[in-house]
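Q: Before we start, here is the structure in question, set down as structure tokens.
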């Protein structure tokens, strides 16, 4: 059955549309399993019913018309229980139901498997037979496997509107997709209303956004120029290799050239461009279709030609992208969208034009999510079902409170969200009034509120909001913005600007923290498990030439200012810490004794982000001047949850009882050694998280500038004694959501506090 499965999946991948795909499934599964009937029932979420979407064996007239709820029939039972059902005498089952409109004869044998995506039953795959038959374990496993493969395809079809059209065959082609909403992870709160601009990787055929054009002749001209450039490249390679390859291999170049003429791929693409599609999108669609066709072929030689077609496709696409690179336009209300947004994507976009960011990959604590919060840009990550290539130029509403992307919003929704947006502006203005007020609790306890920075604009916003210092300056960001490692002098100038900007306030600079989800384009780190691999201080200790240059730049930048603090990331044992301290002291000695510079030795700190470090606080505290807790990674490692994996994102939660216990251990042990402790993770910028941290005894909180005033406002309305009570009560609870619910409920009862926890209320989409 493995060969049958592979063959079916190849056919499915080459299907021209969703309807054809379903027909392939029912026909091929019926044939492989030797049954009378194979059908697919798909969830109509609006009606909460399962609709017959495709069949081989029942009346075609019943497709799109026969449906049943979870309370009806055997199909409904499979959907309700979310598990396979294998019956030899189906007619005797109490849930057996006969639907004469399908034209089926009463059957005995029944095997149904749920189609599940992210814990939601999207449909049921069914085989039936009149004769009594017990499907064996291998047959059941085969059907379950097919159903599992279908799940992702159906979810994508739902996102693009193809599912709606399959359930309602009479629906207009674009109506299902004209108004739609998609879910992701709310990662930086706020509302964004604007026009989508899709950011796609270079020469990636599957990532070309769907764009329409009115300049058909211009697109045709660009396409022909790209073809000619590619043909010239091929001819050059042909000449260079003519004496190195045999005639058969050389002949392939002639085949490639012929594939590009008007009688082959070139002509096919031109016809699509004439329908109004951009040259890039038309080319990518044609090439991907041919790749799928070749990949599905039985002949090994022909199947290998898929690689050649892909290479050819990338070559032409590369030229098309070069031609159109400078034509990229970012409107004043840009919604930045991509499969996997990264910091370099921000470089070309005027900051004031960005209204929101959406990434199909990533999670709440991905690097881009952190940047979104830092810059106050509404951000959604992990929108895995988002048809992002289809959204370029579309009007969108981004509800980053709920994690919703709304395409082509109705006038009513647009009005409602514009109202929420206006209310948030008023709320932000109210917060601005507190920027010069001290961060003091109602009973007089001062809490130092610092900021996490990395971008220059973020630093400027931080000062404007009354930050008392920098708890985390991400030095990796300037490294990301270059095509090589910055020199010592380049780094010194960057660090000097930060130190001068905040002087005399302290600035905590984390040494280069790469690896995990932060890879430099010119220093790639490829690992199967990057978060447990080569990252943070492990990289810089292995590359002292990088580490020493950075330390020299930091210390030279601090001359006459003396507000530098150096923070070491990813410390997991005292050996790493000792090794780093040796290098730090060496640089200080070289600069002051050997080169004659005069400045104070910076305070040195260690980040607590690895569970092992939690239980070594005493030994670490003896060696450093301060400790900073990175709750993002600490949560990730404690819970064994990859923070960039949207499939497990819901398991990542900063109010997990284990994390709260670890945070209490850290602060209690550090106090024994009189070692100052700060929190620079995202928990510090969460109003509820800040309350718990202060209640535990933390007096230094570092957060994004966007959250600083909100945290200050809520701390000013509470007593330290009350926050301690919240901590004690929360520590008695064993469930993450029970803790969050308790805090929300307790604080919502106090006048004027609830709005600081959740400033905006999103409109209903119902």
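The values are calculated or read from the model by the stated rules, or taken from the named source; none is laboratory data. Just so it is clear, the model here is predicted, and its values are computed rather than measured. Note that each Cβ is placed from the backbone with ideal geometry, even for glycine, and that neighbours are counted across all protein chains shown.
Q: State all residues of the range 585-624 that are within 18 Å of residue 472 (Cβ to Cβ) and in a helix (DSSP H, G or I); if no residue qualifies, say none.
A: Listed by number, the residues that qualify are 613, 620.
Q: Of the conditions (1) surrounded by 18 or more Cβ atoms within 10 Å (Cβ to Cβ); (2) modelled with pLDDT under 90; (3) farther than 25 Å from residue 461 by Cα, residue 420 satisfies every one except a single condition; which number is it?
A: (3)
Q: Does residue 374 count as assigned to a strand (DSSP E or B) and surrounded by 21 or more Cβ atoms within 10 Å (Cβ to Cβ)?
A: So residue 374 fails the test.
Q: Within the range 84-95, is even one residue under 31 Å from the mean Cα position of the chain (by Cα), outside any loop (DSSP other than H, G, I, E, B) and within 17 Å of residue 147 (Cβ to Cβ)?
A: The answer is no, given that none of the residues of the range 84-95 is under 31 Å from the mean Cα position of the chain (by Cα), outside any loop (DSSP other than H, G, I, E, B) and within 17 Å of residue 147 (Cβ to Cβ).
Q: Picking from 38, 70, which residue would you name as being assigned to a loop (DSSP other than H, G, I, E, B), touching a helix residue (DSSP H, G or I) at 6+ places or on another chain (Cβ under 7 Å) and surrounded by 15 or more Cβ atoms within 10 Å (Cβ to Cβ)?
A: From the options 38, 70, the qualifying one is 70.
Q: Another question, then. Kindly list the number of the only condition in (1) at pLDDT below 80; (2) in a helix (DSSP H, G or I); (3) buried (at least 22 other Cβ atoms within 10 Å of the Cβ) that fails for residue 363.
A: (2)
Q: Answer yes or no: is there a residue in the range 614-626 that is buried (at least 24 other Cβ atoms within 10 Å of the Cβ) and touching a helix residue (DSSP H, G or I) at 6+ places or on another chain (Cβ under 6 Å).
A: no
Q: Please verify whether residue 678 is in contact with a strand residue (DSSP E or B) (Cβ under 7 Å, 6 or more places away or on another chain), outside the structural domain of residue 382 (by TED's automatic domain parsing), touching a residue at least 24 places away in the same chain (Cβ under 8 Å) and over 25 Å from residue 429 (Cα atoms), treating the condition exactly as stated.
A: Considered against the rule, which asks whether it is in contact with a strand residue (DSSP E or B) (Cβ under 7 Å, 6 or more places away or on another chain), outside the structural domain of residue 382 (by TED's automatic domain parsing), touching a residue at least 24 places away in the same chain (Cβ under 8 Å) and over 25 Å from residue 429 (Cα atoms), residue 678 comes out as yes.
Q: Any chance the range 471-486 includes a residue that's over 26 Å from the mean Cα position of the chain (by Cα), in a loop (DSSP other than H, G, I, E, B) and over 30 Å from residue 550 (Cα atoms)?
A: no
Q: Continuing with the same structure: Can you name every residue in the range 169-208 that is modelled with pLDDT under 70, within 21 Å of residue 406 (Cβ to Cβ) and not in a helix (DSSP H, G or I)?
A: Of everything in the range 169-208, those that are modelled with pLDDT under 70, within 21 Å of residue 406 (Cβ to Cβ) and not in a helix (DSSP H, G or I) turn out to be 171, 172, 173, 174, 179.
Q: Which numbered condition in (1) at pLDDT 85 or above; (2) surrounded by fewer than 23 Cβ atoms within 10 Å (Cβ to Cβ); (3) in a loop (DSSP other than H, G, I, E, B); (4) out of contact with any helix residue (DSSP H, G or I) (no Cβ under 7 Å at 6 or more places or on another chain) is the only one that residue 443 fails?
A: With (1) at pLDDT 85 or above; (2) surrounded by fewer than 23 Cβ atoms within 10 Å (Cβ to Cβ); (3) in a loop (DSSP other than H, G, I, E, B); (4) out of contact with any helix residue (DSSP H, G or I) (no Cβ under 7 Å at 6 or more places or on another chain) applied to residue 443, the lone miss is (4).
Q: Kindly indicate whether any position in the range 39-48 is farther than 15 Å from residue 101 by Cβ and over 34 Å from the mean Cα position of the chain (by Cα).
A: Looking for residues that are farther than 15 Å from residue 101 by Cβ and over 34 Å from the mean Cα position of the chain (by Cα), one finds none in the range 39-48, hence no.
Q: Might you check whether a residue that is in contact with a strand residue (DSSP E or B) (Cβ under 7 Å, 6 or more places away or on another chain) and assigned to a helix (DSSP H, G or I) occurs anywhere in the range 428-440?
A: no
Q: Criterion first (closer than 20 Å to residue 444 by Cβ, in a helix (DSSP H, G or I), touching a helix residue (DSSP H, G or I) at 6+ places or on another chain (Cβ under 8 Å) and modelled with pLDDT of 95 or more) does residue 724 satisfy it?
A: So residue 724 passes the test.
Q: Sticking with this structure for a sec: For the range 446-470, which residues satisfy the criterion of being surrounded by fewer than 19 Cβ atoms within 10 Å (Cβ to Cβ) and in a strand (DSSP E or B)?
A: Of everything in the range 446-470, those that are surrounded by fewer than 19 Cβ atoms within 10 Å (Cβ to Cβ) and in a strand (DSSP E or B) turn out to be 446, 448.
Q: Scan the range 588-599 and give yes if some residue there is assigned by TED's automatic domain parsing to the domain that holds residue 495 and either in contact with a strand residue (DSSP E or B) (Cβ under 9 Å, 6 or more places away or on another chain) or touching a residue at least 60 places away in the same chain (Cβ under 8 Å) (or both), otherwise no.
A: Within the range 588-599, one or more residues are assigned by TED's automatic domain parsing to the domain that holds residue 495 and either in contact with a strand residue (DSSP E or B) (Cβ under 9 Å, 6 or more places away or on another chain) or touching a residue at least 60 places away in the same chain (Cβ under 8 Å) (or both).
Q: Got a sec? Which of 696, 703 is farther than 30 Å from residue 578 by Cβ and touching a helix residue (DSSP H, G or I) at 6+ places or on another chain (Cβ under 9 Å)?
A: Numbers: 696 fails: farther than 30 Å from residue 578 by Cβ.
Criteria check complete, one pass: 703.
Q: Restricting the search to the range 531-577, which residues are assigned to a loop (DSSP other than H, G, I, E, B) and either touching a strand residue (DSSP E or B) at 6+ places or on another chain (Cβ under 7 Å) or touching a residue at least 60 places away in the same chain (Cβ under 8 Å) (or both)?
A: Here is the first cut: in the range 531-577, the residues assigned to a loop (DSSP other than H, G, I, E, B) are 533-536, 543, 558-563, 569-573.
The answer is 533, 534, 535, 536, 558, 561, 563, 569, 570, 571.
Q: Considering only residues that are part of a helix (DSSP H, G or I) and touching a residue at least 60 places away in the same chain (Cβ under 8 Å), look in the range 638-657 and name the one that is farthest from residue 690 (Cα to Cα).
A: From the range 638-657, those part of a helix (DSSP H, G or I) are 638-639, 649-651, 657; that's our starting set.
Add one more test, that the residue is touching a residue at least 60 places away in the same chain (Cβ under 8 Å), and what stays is 649, 657.
Numbers: 649: 22, 657: 16 Å.
Only one residue tops the list, namely 649.
Q: Another question, then. Only residues that are surrounded by fewer than 17 Cβ atoms within 10 Å (Cβ to Cβ) and under 26 Å from residue 502 (Cα atoms): list them for the range 550-580, please.
A: Within the range 550-580, 559, 560, 561, 562 qualify.
Q: Just name the residue that is farthest from residue 130 (Cα to Cα) out of those in the range 82-98 that are surrounded by fewer than 20 Cβ atoms within 10 Å (Cβ to Cβ) and in contact with a strand residue (DSSP E or B) (Cβ under 8 Å, 6 or more places away or on another chain). Steps first, please.
A: Keep residues of the range 82-98 that are surrounded by fewer than 20 Cβ atoms within 10 Å (Cβ to Cβ), which gives 82-84, 86, 88-89, 91-98.
Then drop every residue that is not in contact with a strand residue (DSSP E or B) (Cβ under 8 Å, 6 or more places away or on another chain), which leaves 82-84, 86, 88, 93, 97.
Details: 82: 25, 83: 23, 84: 19, 86: 14, 88: 10, 93: 15, 97: 14 Å.
So, considering only residues that are surrounded by fewer than 20 Cβ atoms within 10 Å (Cβ to Cβ) and in contact with a strand residue (DSSP E or B) (Cβ under 8 Å, 6 or more places away or on another chain), the one farthest from residue 130 (Cα to Cα) is 82.
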